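Inspection log for the structure reproduced underneath, given as structure tokens.
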Amino acid sequence: MQPWFDTDKVFIGGRWQRCASGGTLPMSDPSTGREIGRIARGGAEDIDAAVEAARKALSGDWGRLTAVERGRLLARLGALVLEHADALAEMEATDVGKPLTQARADVTALARYCEFYAGAADKVMGETIPFQQGFTVYTLREPIGVTGHIVPWNYPMQIIGRSLGAALAMGNACVLKPAEEACLTALAFADLARMAGFPDGAVNVVPGLGAEAGAALTAHPGVGHVSFTGSVGTGRLVQTAAAANLVPVTLELGGKSPQLVFADADIGKALPFLVNAGLQNAGQTCSASSRILVERRRFDEVTERMAEVYRGKLAAPAMSDRDLGPLISARQKEIVTGYLDLAGQGQRVAEGRVAPDAPDGGHYVAPVLLAGLAPEDRLAQEEIFGPVQVLLPFDDEEEAVVIANGTPYGLVASVWSADGGRQMRLAKRLRAGQVFLNNYGAAGGVELPFGGTGHSGHGREKGFEALYGFSSLKTVAAHHG
Ligand code: TXE
């Protein structure tokens, strides 16, 4: 895997350059633990330069484009993403450790975000408002200005697509700080934006550490909106830093998302969703379903059927494209195995395997299915961010809702039931930004607004909703007698 660009540079004002300090950070392959290159260690000075370049773009060529022209650039970018699909998928698989097929799906998602927001750019409209005699009143949706984007390592392409796609469609100029663990496709995105013809400064990418480049971006007085996906703790820091500048933030902070399986559900249909929603990307997914709530009458049956699937699951190097790859880092593996140590032997209902020939330096964890826990146990309450799911029984709809809503999170939930009335009741009662009825995730639909409540964050991304989040509404009241 040899990227077509230099990986150890920052991209500012349309140019690849060394970061101000000249420092670099190692880039490693989670499948082997080996260093595969270096990335720039961008810092506050680079963030300053990127914000300045973005500001110039807004008052220059980028700011002068019409919505149609911005849409065309995004369409071109989407086409370039598809043309580079193999290289992008290989980069993401190597950098993140996700199986190649999952990395390919992420390429498609990135292209879809570009396509969706290309088509949406010229369809964001204001309103005319009936008002007093002698007035004409209307609203304009305008770009906010410079937007800051802090992206994690688990789905770089997807999160860049949803976040920058919408911000660019609205006419903002973006500064992106990707995660230090996985920067490659963020850098590729910058270069594809250059090839697509985005004016200098519309897209800027500054890799670096969270506490350095990330903190500098969130605290920068020239940034008008911060979009962050990551942990609850860092989300708090981001919101606090943005508050000092009184700018809005979109926070997407993960969850402990439940699937509710009622006795009247089609278990055969549900089964692959129950498992895959927990194990996709080795469980390192903000919307992973890590709690499976099952009506007691069918609890043993669902447990046994899931256990059987688990026993067949294999964690292996990303490029061998098996069910799961490694975790992103030794630190993440430590977090996950630390959680697993809390489980008693009898609570480990089933386990998958790590491929016997998986390199020793890789960060592999075999998937584990847990049962016999109380809903209040840490394993059933906290985001583990690894290939671990917890089964919990319930006796009736009321108890299912109490358990489902009984964590500080509220990102995604699903209901498996043939009863239409129950589906409608629960869609209202479940505390989540998305509720799925007899499915989970709706194949990631880029069109579907996404975001959480409580510790899962606030603000909405994806779909049209994101365009509103990345815009500023102006009311114009004209008095003409
Ligand atoms: O997250 P961080 P980490 C959760 C998951 C995981 C845990 C830790 O539970 O186990 O977080 O992962 C940047 N100012 N999620 O440590 O620190 C950082 O450089 C500004 C859930 O990787 O939140 C990276 O770009 N930015 C999740 C991004 O924040 C800062 C995805 C995420 O890193 C910063 C990832 C600072 N002070 C982890 N410190 C999801 N919701 O999908 C760090 N960053």
> Can you pull out the residues in segment 39-78 that are touching a strand residue (DSSP E or B) at 6+ places or on another chain (Cβ under 6 Å) and free of Cβ contacts under 8 Å to residues at least 24 places away in the same chain?
Replying inline: none
> Where residues in segment 358-417 are of a type in the set (F, W, Y) and in contact with a Gly (Cβ under 7 Å, 6 or more places away or on another chain), which of them is nearest to R331 (Cα to Cα)?
Replying inline: F385
>> Given the condition buried (at least 23 other Cβ atoms within 10 Å of the Cβ), touching a residue at least 60 places away in the same chain (Cβ under 8 Å) and in contact with a helix residue (DSSP H, G or I) (Cβ under 7 Å, 6 or more places away or on another chain), answer yes or no: does some residue in segment 427-439 qualify?
In response: no
> Has segment 26-44 got at least one residue that is under 18 Å from A211 (Cα atoms), hydroxyl-bearing (S, T, Y) and either in contact with a helix residue (DSSP H, G or I) (Cβ under 7 Å, 6 or more places away or on another chain) or surrounded by fewer than 17 Cβ atoms within 10 Å (Cβ to Cβ) (or both)?
Replying inline: no
> In segment 52-61, which residues are closer than 13 Å to V175 by Cβ and of a type outside the set (D, E, K, R)?
Replying inline: A53, A54, A57, L58
> Quick check: anything in segment 237-259 part of a helix (DSSP H, G or I), surrounded by fewer than 24 Cβ atoms within 10 Å (Cβ to Cβ) and away from the ligand (no atom under 16 Å from the Cβ)?
Replying inline: no
> Does A277 satisfy the criteria of being part of a helix (DSSP H, G or I), surrounded by fewer than 22 Cβ atoms within 10 Å (Cβ to Cβ), small (G, A, S) and within 16 Å of the ligand (Cβ to nearest atom)?
Replying inline: no
> Do any residues in segment 220-244 that are more than 14 Å from L176 (Cβ to Cβ) have Cβ atoms under 6 Å from those of residues that are modelled with pLDDT of 95 or more and away from the ligand (no atom under 12 Å from the Cβ), where the two are at least six apart or on different chains, and which pairs are they?
Replying inline: P221/N245; G222/V51; G222/V146; G224/I144; G224/G145; G224/V146; G224/V247
> Looking only at segment 225-243, which residues are farther than 15 Å from A211 by Cα and among the small types (G, A, S)?
Replying inline: S227, A243
> Going by the structure shown, is V223 part of a loop (DSSP other than H, G, I, E, B), modelled with pLDDT of 95 or more and within 13 Å of the ligand (Cβ to nearest atom)?
Replying inline: yes
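For segment 442-469, give me the residue count where each residue is in a helix (DSSP H, G or I) and modelled with pLDDT of 95 or more.
So the count comes out to 8.
The values are calculated or read from the model by the stated rules, or taken from the named source; none is laboratory data. Owing to the predicted nature of the structure, the values given are computational and were not obtained by experimental measurement. Neighbour counts are summed over all protein chains in view; Cβ atoms, including those assigned to glycine, are modelled from backbone coordinates with ideal geometry.
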